[in-house]
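Since the structure comes first, as structure tokens, the remarks are kept for the end.
Quick note: the coordinates plus some simple rules give every number you see, no bench work behind them. Predicted model only: the values in this text are computed from it and were never measured. Here the Cβ positions follow ideal geometry from the backbone for every residue, glycine too, while neighbour counts run over all protein chains shown.
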Amino acid sequence: MRIVNYTNIPTRVVREIIRFVRPDKRLGRFSMLIDEGKAPWAGVAQFTKSNIFPSLPIEKPTIVIKIPPQGSQIRRSDGRPVDRVEMLVFLLAHELRHFWQGNHPRLVDLEDEKALERDADTYAYERLEDWRCSRNLEVRRVAGE
């Protein structure tokens, strides 16, 4: 797997997130571009090389993720700040689920885009909650609880 990471989130953390959220360990090889963008966040799963980033030395398929720059004042609906690593967990889980969907056409209706997005969102929210729980457990272990 090739990761092109233009953020200050360490690539080892990105790899840890991928291992954590990957719906199927046999998804195969893919490339990933993680960058900071002006838009709050975005993610795209591409099964073929795109004309959008023709100069990047990437394999097929590819995931492109954009997250806000460090220090952005993005807030949740409850007013709390959005954590960039948690945003990355959600987006990677969502886009990797799309790869899983493409590899399991008998289990999902590839023609129903709304159902595919709902499935990817549901999976991403579940993995984000699992990520938060796992981090909370690690914090408790370090604190000696």
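What to note about this one:
- Built amide H within the under 5 Å cut-off of LEU33, gap 5+: VAL4, ILE63, VAL64, ILE65
- Total formal charge among the other residues, if their Cβ is under 15 angstrom from that of ASP109, Lys/Arg +1 and Asp/Glu -1: -1
- Selection of trypsin sites (Lys or Arg not before Pro), region 66-130, meeting DSSP coil and at most 13 other Cβ within 10 Å: ARG76, ARG106
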